[in-house]
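Q: Attaching a single structure in C-alpha cells format; questions to follow.
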C-alpha cells in the first residue's frame, strides 16, 4: 500500500492551492485532550450509574475489560472521523470557501449534530449481519472475540489506507470485518452445525448492494447535475477554478458551505450509528442486566405489547397445523430457522406461537421490562430477539397473511424492537464526540487526494457543489431506509463525475488506486477480521479465559 503514489497534474494547470499548514494553538490542543478524557470518563460514569441503577455490580476485571472494549469502539469512530469526513471539507477548502482549520471544526460540529439526531436504524442493520449463535451469546468468549476481531480489523485497515492517503470507506471496511467474522464462525462450526452458523446473506446482499452502487450513483449523478447546472445557472464564475486564495462570490460561497454542512451532517447521521451498534453489543455482553432490555419503557406500554402479542400468537397458531412444541424446544427450532434463513412450515409457526405466548406471559407477569429480574434478563432478551427476527423472516412473503394480520404482526415487531433495539443517550453523546473530534485531526492526507489528485485541473465551484449535493442527498436517503452507505465512495466518485462533466478529465493512476482500494477493502477486511477471530478463539482455549 505504501507504494501507491499519486500522479500530480502539471503545475501550470493548477491555481494556487489552499493553505493546509495551520499550526494548532496550545490552548486548542489542551481543550481537545480535555474533551477526549472527559468523554471517556462520562462513558464509564454512565455505565456505573446504569448498572448500579439495576443492582448489577461489575467486578473490577469486567469493568476494565468493558473500558477497553469501549475505547476500541470509540477509536473506530475517531478514525472514521478523520478518514471519511475529510471528503466533506475538501471542496470548501480547495475552492477557498473556508480556511482549512475552520472548515474541519465546522464539519466536526455538524457531524456531532448528525449523530445526535440519528434514528438508530443503521446501527441494527449492521448487527443483523452477525451470526445468530454469537448474537444470542454475545457475552460468551466467542462473542467477545467476535467484537474485538471486527473492531481491530476495521481500525487497522482504516489507518493503513489513511496513511497512504486513499479515501477508503469506513462502512465498506466495517461490513467486510463483520462478514469475515461470520464466515470464520461458519467454517469453525461447520463440523457440528453443517456450516449454517454464518451470516444473514439476505441482509448482507441488501447492504452490499448499497455499497457497490455508491460509486456509480456518485459518478453519474454528479456528472448529470453539473450538466444541468450549466444549462440552468449561467453564472460563469461557477465553472471557473479560483484564480487566487480569495473566497468565491457570496452566493457561490454560501452554496458550497451549505453542501459541506449537509455532507457533514448526513455523514454523522449514518456513520455514527455503526459505532453505536458495536457499543451496544459490548454493553449487552458485559452488563446484560442494564443493557439487554430497554428498561426505560414505561409500565403503560405493557398492555399494548400483550395485546399485539396475543393477536400475533393467534396468527402463528392458525398456521401451526395443531403441532405443540414446548418453549425450551421452540428456541432451538427458531435458532435453526434463522441460521437457515427459512421461516416456513407448521413446525416454525408452532415454535413461534409457543415461545411468543411464553414470553408474553413472563413480561405481563413482571409488569414491565424495567421489572425483569437480573437472572431473567438475558433469556427475555434472547427470546424477544428470536421471535422478532423469525417473525420478520416469515413476513418477507406477505402473500401468506391477511392484511389485518400483517398490520398486527408489524405492530408486534415494533413493540419487540422497542424493547431490545435502543440506544441510550450517553452512547450517542460519546460516539458524537469521537466522530466530531476525529474530524478535526489527520484530515490533510485525504483532503489533498480529493482536492488535487482526482481531476486533472483545479476544482471549480460547480464541481464541488455538485459532488457534495449528490453525496448529502444519497446519504440522507440511505439513512431513511436504514442502509449503511459510503460517504467516501459517493463523494470521491462524485468529484470524478464532476471532473468529467467539466471537461478536465481524470488522473488515471489515482482513479485506478481508488478502484483498487474499493475492490480490496472487502476481502482484506474479511481476511483480517476472520484471522483475528480465529486467533482470539484459540487464545481463549489455550489460556482458559
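The values are calculated or read from the model by the stated rules, or taken from the named source; none is laboratory data. No experiment lies behind these values; they were computed from the predicted model shown. As a convention, Cβ positions derive from the backbone with ideal geometry for all residues, glycine included, and neighbour counts pool all protein chains shown.
Q: State whether the residues of the stretch 124-133 include one that is at pLDDT below 80, surrounded by 24 or more Cβ atoms within 10 Å (Cβ to Cβ) and either outside the structural domain of residue 518 (by TED's automatic domain parsing) or not in a loop (DSSP other than H, G, I, E, B) (or both).
A: Looking for residues that are at pLDDT below 80, surrounded by 24 or more Cβ atoms within 10 Å (Cβ to Cβ) and either outside the structural domain of residue 518 (by TED's automatic domain parsing) or not in a loop (DSSP other than H, G, I, E, B) (or both), one finds at least one in the stretch 124-133, hence yes.
Q: If the requirement is being part of a helix (DSSP H, G or I), closer than 18 Å to residue 431 by Cβ and in the same structural domain as residue 436 (by TED's automatic domain parsing), which of these qualifies: 101, 83?
A: On the way: 101 fails: closer than 18 Å to residue 431 by Cβ.
Criteria check complete, one pass: 83.
Q: Which ones in the stretch 57-80 are in contact (Cβ under 8 Å) with a residue 60 or more places away in the chain, farther than 19 Å from residue 159 by Cα and part of a helix (DSSP H, G or I)?
A: 62, 65, 66
Q: Residues in the stretch 510-520: is at least one crowded, with 18+ Cβ neighbours inside 10 Å and modelled with pLDDT of 80 or more?
A: no
Q: Taking the conditions exactly as written (surrounded by fewer than 21 Cβ atoms within 10 Å (Cβ to Cβ) and closer than 30 Å to residue 106 by Cα), does residue 398 satisfy them or not?
A: no
Q: Just one of the numbered conditions (1) assigned to a loop (DSSP other than H, G, I, E, B); (2) over 19 Å from residue 72 (Cβ atoms) is not true of residue 138; which one?
A: (2)
Q: How about the stretch 389-432: which of its residues are in a loop (DSSP other than H, G, I, E, B) and under 18 Å from the mean Cα position of the chain (by Cα)?
A: 421, 422, 423, 424
Q: Take the conditions surrounded by 23 or more Cβ atoms within 10 Å (Cβ to Cβ) and assigned by TED's automatic domain parsing to the domain that holds residue 459 and apply them to residue 92. Does it pass?
A: Criteria met by residue 92.
Q: Identify all residues within the stretch 13-56 that are modelled with pLDDT of 70 or more and not in a helix (DSSP H, G or I); write none if there are none.
A: Passing the criteria: 25, 54, 55, 56.
Q: Looking at 435, 491, 386 in this structure, which one is under 25 Å from residue 122 (Cβ atoms), within 21 Å of the chain's Cα centre (by Cα), modelled with pLDDT of 85 or more and buried (at least 24 other Cβ atoms within 10 Å of the Cβ)?
A: 435
Q: May I pose another question? Can you confirm whether residue 343 is in contact (Cβ under 8 Å) with a residue 12 or more places away in the chain, under 33 Å from the mean Cα position of the chain (by Cα), under 14 Å from residue 388 (Cα atoms) and not in a helix (DSSP H, G or I)?
A: yes
Q: Name the residue, out of 266, 300, 315, that is assigned to a helix (DSSP H, G or I) and surrounded by fewer than 17 Cβ atoms within 10 Å (Cβ to Cβ).
A: Within the list 266, 300, 315, the selection yields 300.
Q: Read through the list (1) buried (at least 22 other Cβ atoms within 10 Å of the Cβ); (2) assigned by TED's automatic domain parsing to the domain that holds residue 53; (3) modelled with pLDDT of 90 or more, then give the number of the only condition that residue 428 fails.
A: (1)
Q: Read through the list (1) over 20 Å from the mean Cα position of the chain (by Cα); (2) at pLDDT 70 or above, then give the number of the only condition that residue 152 fails.
A: Only one criterion is unmet by residue 152, namely (1).
Q: Can you tell me which condition residue 141 does not meet? The list is (1) in contact (Cβ under 8 Å) with a residue 40 or more places away in the chain; (2) under 22 Å from the mean Cα position of the chain (by Cα), and all the others hold.
A: Status for residue 141: all satisfied but (2).
Q: Could you check, for the stretch 309-318, whether at least one of its residues is in the same structural domain as residue 116 (by TED's automatic domain parsing) and closer than 23 Å to residue 369 by Cα?
A: The answer is no; no qualifying residue exists.
Q: When you scan the stretch 61-71, do you find a residue that is touching a helix residue (DSSP H, G or I) at 6+ places or on another chain (Cβ under 7 Å), within 19 Å of residue 276 (Cα to Cα) and buried (at least 21 other Cβ atoms within 10 Å of the Cβ), even just one?
A: Yes, the stretch 61-71 contains at least one residue that is touching a helix residue (DSSP H, G or I) at 6+ places or on another chain (Cβ under 7 Å), within 19 Å of residue 276 (Cα to Cα) and buried (at least 21 other Cβ atoms within 10 Å of the Cβ).
Q: Identify, please: which residue in the stretch 345-368 is out of contact with any helix residue (DSSP H, G or I) (no Cβ under 7 Å at 6 or more places or on another chain) and under 18 Å from residue 316 (Cα atoms) and is, among those, surrounded by the most Cβ atoms within 10 Å (Cβ to Cβ)? Quick ask: steps written out before the conclusion?
A: From the stretch 345-368, those out of contact with any helix residue (DSSP H, G or I) (no Cβ under 7 Å at 6 or more places or on another chain) are 345-346, 350, 361, 365-366; that's our starting set.
Retained after the next criterion (residues that are under 18 Å from residue 316 (Cα atoms)): 345-346, 350, 361.
On the way: 345: 15, 346: 13, 350: 22, 361: 13.
Looking at the filtered set, the residue picked out is 350.
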